[in-house]
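Each reported figure results from applying straightforward, stated rules to the coordinates on display, with no laboratory input. A quick note: this is a predicted structure, and the numbers were derived from the prediction, not measured. Positions of Cβ are backbone-derived with ideal geometry, glycine not excepted, and every protein chain shown enters the neighbour counts.
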Amino acid sequence: MYNFSNKRTYLAALSTLLGALLFSANAAAMPIEVLQGGIKLGEINPYTGTITSSKNWTRNKGAATGPIGTDDLGKIFFYDSAADGLSFNIMWNKDATDKGPKSVAEWDITVDGSGSDPVSRKADDNSKEFSEMATNNLFHGNWAWGRWYDVGIIGELVGYDWEITIDPINYTNILGLQAVDASDKATELKVNTSENIILRPVAAVPEPGTLALLLLGGLAGFAAARRKAQ
């Protein structure tokens, strides 16, 4: 006779396995979608490294792990550190030989839905240019630079429900703005003060073909176990 307890045990194990596979797929890859003015422009993946997000940055060299700076161009990216987790990064750059006028960028940044309490991890000029406001999870950046780099870093970002909203207030002598993927591929953003920029994670799931193979394998195992038990 077929043993029902074997069936129940097998189905429970199969359910646990599928759940673990789905969870690991989500945890292994977390693309971040980039929207401006309510329109999705693309997705980016975080850079990864072992040092902390603050140590990943130096004023005259930019990010050790991250995009390469470009004169008068702002670059948004994410850095996932084994030491202190996922962080949002914005860097502004002006070539050291540039003799032109200073560049200026002013933003309000709001972080909602993180499983942690994000803080400002790095800012130039003793935090005069970038800091968290009295309202929790509201940050203000007012960067002005003549050469080298300026930066703002927010972390840690935890979970899949967080959302970053950038409200641009002012740009002066800024030629472009990009959201940069770990592959260094850039999503171009408009340099204007009329459209907010939104960044939020997209939980990755296995493709339908992968799920089908997993289910077929589970069913085949169940059939074999049933034949053996009869």
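Just a few scattered comments:
- Surrounding net charge for residue 117, when Lys and Arg each add one and Asp and Glu each subtract one, Cβ distance under 11 Å: -2
- Relative contact order for region 30-201, counting Cα pairs under 8 Å that sit 6 or more residues apart, in percent: 29
- Rg/Rh (Cα only; Kirkwood hydrodynamic radius) as it applies to region 30-201: 0.92
- Whole-Å distance, taken between Cα centres, linking region 129-150 and region 52-69: 17
- Size of charge dipole - region 30-201 - debye, nearest 20, with Cβ of Lys, Arg +1 and Asp, Glu -1, no other charges: 560
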